[in-house]
Every structure is written in structure tokens, then in C-alpha cells.
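Shown next, in C-alpha cells, is the structure this report addresses.
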Amino acid sequence: MKHSLILASSSPFRQSLLQKFNLPFETFSPDVDETPHNKETPNDLVKRLSELKAAAAVEHFDQGLAIGSDQVAVFNDQILGKPHNKENAMKQLSLFSGQTVTFLTGLCVYDIDTKQSKTLVESFNVTFKTLTTAQISAYCDAEQPYNCAGSFKSEGLGICLFEKLSGDDPNSLIGLPLIKLSQLLAEFGVDVLAAQVPSAN
């Protein structure tokens, strides 16, 4: 393959998503301050952070295509933080009951050799069922989603909280929009399908 791939993330979920491409890649954990700038829109925030994460690869690698990604959940134009405890998670999920939350995922591919990068933001909407307090409490106890923005894990039991999902790529909800990523990689000369190595068996 012309370029080696580098995932700027220590997230096991993003790593398992990138494994779907069936191509070798390396990972590192980018040390990036994720504090929003004053009056920064959610869109601008995820774009900036995904670019910072991808560009941080230059500290660890001499060449390759670095993939950076960042995600926020937005409700009523407010960025949703991580709840950190059950009380806050109950409040967030009660607020979402019967409502739609938008996930914005920034995606950046950065070529360490040429210092060129391409960035986009993918949105995905999640509409919640009308939930009872008992259901929300049971969910929080079962999955303890206290370190997850929006107080749920869509890749786990959290899927049962939803009425419907709408967007181009369900992978973006978990943190890496693979359809758009394959398109960005193609712009850097990496054709994911053509780069497949036949298995030995």
C-alpha cells in the first residue's frame, strides 16, 4: 500500500471500526486539549479537534496518513457533556425522552509527508423513545454510561433507548464515519478495496 495508516485515537470502538477496512494501521493517543473556544460552534469544535488530533501524529511518525476524529452530541444547540454520575445521566436522558439529538463527527485525514489535510463534519440524528424514569434508571444501572457524551452507548444496550436513527453512515454514531473516510483516503491515493491483500488460504 502506498501509505501507511495511523489512527489518532486510543478508543477501542474507533479501532474496531477501522479494522473493517481490513488494512494494517497503527494507533497512538493524541494529547489534545478538547476545551471549546469562546463562542465556537459545535461544528467548528469537532472540525478543529479532529485536525489537531490527526496533526499530532507528526510527534510519533515520520510518514503516513493520520486519521483524526472527534464527536459531540448536540441538543437544543447545546453541546452535551459526559454525565460522570447516575444523577446527571438520568437528567440528560429524561431531557431526551421523545426528542432528537444530533451527533456531529469531525473527520480529518492528514498526510505527514506533504502536510496536506482534508476535513469534513458528518451529522447523524438519534430520536429517542418516550422513556419512563424506571426505564432510564434501569438502563443507567445496567450500562453505567457515565463517561459517554449523551449518557448512552449506542453500540451497546443504548440502542434500546432509540425510536429511530437517521444519517448516511451508522458507523459515524460510534465515532468514525467509514463511508466518508474511504472517500477521503481515495483522495490521498488509497483505494481501500484495491489495497486488499488476498488471504493465504
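The values are calculated or read from the model by the stated rules, or taken from the named source; none is laboratory data. Please read these numbers as outputs of a predicted model, since none were measured by experiment. All Cβ positions, even for glycine, are placed from backbone atoms using ideal geometry, and neighbour counts span all protein chains on display. Keep in mind that these areas ignore ligands, DNA and RNA; they rest on the heavy atoms of the full protein, side chains included. Shrake-Rupley method; radii C 1.70, N 1.55, O 1.52, S 1.80 Å.
Could you tell me which residue of region 95-104 is most open to solvent (accessible area, probe 1.4 Å), considering only residues that are among the aliphatic types (A, V, I, L, M) and outside any helix (DSSP H, G or I)?
The qualifying residue most open to solvent (accessible area, probe 1.4 Å) is L104.
For the subset of region 31-57 comprising residues that are within 15 Å of the chain's Cα centre (by Cα) and of a type in the set (K, R), which member is most open to solvent (accessible area, probe 1.4 Å)?
K47
Looking at L107, is it open to solvent by 10 Å² or more (accessible area, probe 1.4 Å), touching a helix residue (DSSP H, G or I) at 6+ places or on another chain (Cβ under 7 Å) and not in a helix (DSSP H, G or I)?
So L107 fails the test.
Look through region 156-191, keep the residues that are open to solvent by less than 30 Å² (accessible area, probe 1.4 Å), in contact with a Ser or Thr (Cβ under 7 Å, 6 or more places away or on another chain) and assigned to a helix (DSSP H, G or I), and return whichever of them is nearest to S4 (Cα to Cα).
If we take residues in region 156-191 being open to solvent by less than 30 Å² (accessible area, probe 1.4 Å), in contact with a Ser or Thr (Cβ under 7 Å, 6 or more places away or on another chain) and assigned to a helix (DSSP H, G or I), then S172 is nearest to S4 (Cα to Cα).
Considering only residues that are crowded, with 21+ Cβ neighbours inside 10 Å and out of contact with any strand residue (DSSP E or B) (no Cβ under 8 Å at 6 or more places or on another chain), look in region 58-89 and name the one that is nearest to A138 (Cα to Cα).
A89
Among the candidates Q19, Q71, which residue alone is within 17 Å of the chain's Cα centre (by Cα) and touching a residue at least 12 places away in the same chain (Cβ under 8 Å)?
Sole residue among the options that is within 17 Å of the chain's Cα centre (by Cα) and touching a residue at least 12 places away in the same chain (Cβ under 8 Å): Q71.
So V126 ticks every box in (1) in a strand (DSSP E or B); (2) open to solvent by 10 Å² or more (accessible area, probe 1.4 Å) but one. Which box is left unticked?
(2)
Take the residues in region 1-30 that are open to solvent by 100 Å² or more (accessible area, probe 1.4 Å) and among the basic types (K, R), then tell me which one is farthest from P177 (Cα to Cα).
Top of the filtered list is K2.
Would you mind stating whether G64 is touching a residue at least 60 places away in the same chain (Cβ under 8 Å) and on the phi > 0 side of the Ramachandran plot?
For G64, the condition - touching a residue at least 60 places away in the same chain (Cβ under 8 Å) and on the phi > 0 side of the Ramachandran plot - is met.
Against the condition open to solvent by 50 Å² or more (accessible area, probe 1.4 Å), part of a strand (DSSP E or B) and not hydrophobic (A, V, I, L, M, F, W, C), how does K153 come out, does it pass?
So K153 fails the test.
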